[in-house]
1. Suppose we filter the stretch 30-63 for residues that are outside any helix (DSSP H, G or I) and in contact (Cβ under 8 Å) with a residue 40 or more places away in the chain; how many remain?
2. Find the residue count for the stretch 1-58, including only residues that are of a type in the set (S, T, Y), surrounded by 16 or more Cβ atoms within 10 Å (Cβ to Cβ) and modelled with pLDDT under 70.
3. Which members of the stretch 64-93 meet the condition of being surrounded by 13 or more Cβ atoms within 10 Å (Cβ to Cβ) and within 16 Å of S37 (Cα to Cα)?
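The values are calculated or read from the model by the stated rules, or taken from the named source; none is laboratory data. Keep in mind that what you see is a predicted model, and the values were worked out from it rather than measured. For neighbour counting, all protein chains shown are included, and Cβ atoms are generated from backbone atoms with ideal geometry for every residue, glycine included.
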Amino acid sequence: MRHIVLALGLAATSLLATPAAAREASRHVSHADLDLSRPGDLAVLKQRIARALEAVCGSYATAEPAQAPHIDRCRADAQARASEQVAYLAEKARRALAAR
């Protein structure tokens, strides 16, 4: 099975800076060791994505209350993009399995 690196383009707003200092950040979340046709491996990938979201968008545990809306927006945007990529990759893996 062919494996690629899932690149998450996470739009992360600098939480302590002005909007002019907004930055784009990304994390590469590898799934090369996973078989995305298997539900367990798909769950592992989703956990890796969740960790990447926290690394880029920030953690609620360490954020000031005023930062929560910024974290919410960052995570929602990034999760939407990641979900599309994961759905595509999972479908591709299922089709490859069915073609065997």
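1. So the answer is 6.
2. So the answer is 1.
3. Q85, V86, L89, A90, K92, A93
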